[in-house]
Amino acid sequence: NLSGGVGKILQHKYVNNGDHLSTGAQSSYPELSSSLRLTITPTASNSIIVIKYLMSLGISSGAVAMLRICKDVSNYSNSANSEMVNPPNTLNAVTDASGATYAESGYMHQALFMSIETAGNTTQRVYSIHGCVTSSTLHVNRWSAANYYRRSYAEIYEVAA
């Protein structure tokens, strides 16, 4: 039902990036790319904010990558009020549904990460994608082999409640 403007898209922002980035194994969740930050100032405190990341990722065989969408943080530090996706989305390098191994020499994932929240106020906020890997390296927009590349995308919507 769209009567009274409910469900109407009030704002839409979109970014894409093809920078080739890598992060090694660690316990924190660094921001993967400042080029994929989304900034929005809601027009109404009861708006719904929809955040979506389509990431192109490569990870080594046997590694597990964990990604989180965070709000207003440069490095995720286990503060629940800044975390948007809970628990973190995980990407396992061992096998996909067909049994194929996701190894450095074999495959690149395109992984979708989404989050939804009620605005709560009309204060500007910044969303970003953060990630870490259990071992070896997490590559953004490439395999470890330097001749296979893709882009990652991010978009945000403000939707009338």
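How far apart, in nm, are two points set 7 Å out from the Cα along the Cα-to-Cβ line at V126 and at Q26?
1.7 nm
Taking H as built 1.01 Å from N, whose amide H comes closer than 5 Å to the amide H of N141, not counting residues under 5 places away?
Here S56, L57, G58 satisfy the definition.
If amide hydrogens are placed 1.01 Å from N in the peptide plane, which non-local residues have theirs closer than 5 Å to the one on L32?
Here I129, H130, G131 satisfy the definition.
Calculate, for D72 and N46, the FRET efficiency according to 1/(1 + (r/R0)^6) with r their C-beta to C-beta distance and R0 22 Å; round to the nearest 0.05. Walk me through the numbers before you get to the answer.
On the way: r = 20 Å, r/R0 = 0.90.
Plugging the Cβ-Cβ distance into 1/(1 + (r/R0)^6) gives 0.65.
Bear in mind that the values in this text are calculations on the coordinates, not laboratory data. Since the structure is predicted, the reported quantities are computational estimates derived from the model, not experimental observations. Cβ atoms come from the backbone with ideal geometry, glycine included; neighbour counts cover every protein chain shown.
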